[in-house]
Amino acid sequence: MRVKICGLTRLADAQLAVELGAWALGFVFYAASPRFISVEQAAQIIGALPTEVLSVGVFVNTSPAEVNAIATEVGLSYVQLHGDETPADCAEIDLPVIKALRLRQAADLKVASIYADCQALLVDAAVPGQWGGSGQVANWELARQLVQQNGLANPRQAVLLAGGLGSDNLELAFSQVQPWGMDLSSGVEVAPGIKDSQRLQQVFQRKI
């Protein structure tokens, strides 16, 4: 099981996540998010981590040119797009792209197919007025269907599950959805952007 810890704002939290075995670390460059981190802060944290650590920059409706500039300055490994970005926008990103989807109904599964060229898809909760980080649980049944759909049509494209995940429901979510990886943020926090060491440890103690 691959676990990505997202919404990091402190070096100590990032270091602990790496020590515990996080697959990747996420940094939010969306100014309206309570987990927003500046380019300078993110660069300092990433620069202090082992070079093999994978870092993911989260953006919402940011121009591809600006995304590429920030990715280069910070030293990102992946770009995660959480807004209304089109497949054409994704194609202009220099790094591998994780495209976030908010699945509400079965018809939304067809939309996923237009992002077939992205490295991965991330299923998040569909909460009106929020682009992510709501703490609400995503539609696991639709996420499961997407995993099955991609397993047949596009097996090289990974599916990640996000939305209200923590040590209390991680195993159940994995068993029901069978995603390639899990994306955790609010479920391991004491406050937005401030991770809880005990909750992080509990997540990585799960045998999944």
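Compute the relative contact order of the range 26-178 as a whole-number percentage, counting only Cα pairs closer than 8 Å that sit 6 or more residues apart in sequence.
Result for the range 26-178 is 16 percent.
With Cα extents along the principal axes in Å as the read-out, I listed [x] 67, 35, 30; [y] 42, 40, 32; [z] 50, 44, 36; which label goes with the value calculated from this structure?
[y]
Compute the distance from the alpha-carbon center of the range 25-88 to that of the range 158-208, in whole Å.
Taking the Cα centre of each part, the range 25-88 and the range 158-208 sit 20 Å apart.
Once phi is turned into θ = phi - 60°, what whole-Hz ³J(HN,Hα) does the Karplus curve with 6.51, -1.76 and 1.60 give for every residue of the range 174-183, x standing for Gly and Pro?
Taking θ as phi minus 60°, the curve returns 5, 5, 7, 9, 6, x, 5, x, 10, 10 Hz for the range 174-183.
Express in nm, to one decimal, how much length is gained between A91 and V39 on full extension, taking 0.36 nm for each residue of separation and deducting their alpha carbon distance.
Length gained, A91 through V39: 16.4 nm.
Find the lysine pairs in the chain meeting two conditions, Cα atoms under 19 Å apart and a separation of 8 or more places or different chains, and report how many there are.
Pairs that pass both the separation and distance tests number 4.
Over the range 136-208, with every protein chain in place, what whole percent of the accessible area is carbon and sulfur at 1.4 Å, could you tell me?
That share works out to 46 percent.
Using a 7 Å offset from the Cα along the Cα-to-Cβ direction at both Q198 and A107, what is the distance between the two label points in nm, to one decimal?
If labels sit at Q198 and A107, their model points lie 4.6 nm apart.
Compute the accessible area per residue over the range 55-208, keeping the other protein chains in place, probe 1.4 Å, unit Å².
With all protein chains present, the range 55-208 gives 45 Å² per residue.
Given Cα pairs under 8 Å that are at least 6 residues apart, what percent is the relative contact order of the range 1-85?
Once divided by the residue count of the range 1-85, the mean separation gives 27 percent.
Starting from the Cα-Cα distance between E73 and R206, subtract it from 0.36 nm times their residue separation and give me the gain in nm to one decimal.
Length gained between E73 and R206: 44.4 nm.
What's the extension gain from Q136 to L172 if we count 0.36 nm per residue and subtract their Cα-Cα distance?
11.4 nm
Run lengths n ≥ 4 of DSSP H only: what is the helix-derived mean residue ellipticity at 222 nm for the chain, with -39500 (n - 2.57) per run over all residues, to the nearest 500?
After summing the helix terms and dividing by the residues of the chain, the value is -9500 deg cm²/dmol.
Compute the distribution of all C-alpha to C-alpha distances in the range 36-144, in bins of 10 Å from 0, and list the percent of pairs in each, rounded to whole numbers.
14, 43, 33, 10, 0
The values are calculated or read from the model by the stated rules, or taken from the named source; none is laboratory data. Predicted model, so just to flag it, every value in this text is computed and none were measured. Glycine gets a Cβ as well: all are built from the backbone with ideal geometry, and neighbour counts include every protein chain shown. All accessible areas refer to the heavy atoms of the entire protein, side chains included, with ligands and DNA or RNA removed. Shrake-Rupley method; radii C 1.70, N 1.55, O 1.52, S 1.80 Å.
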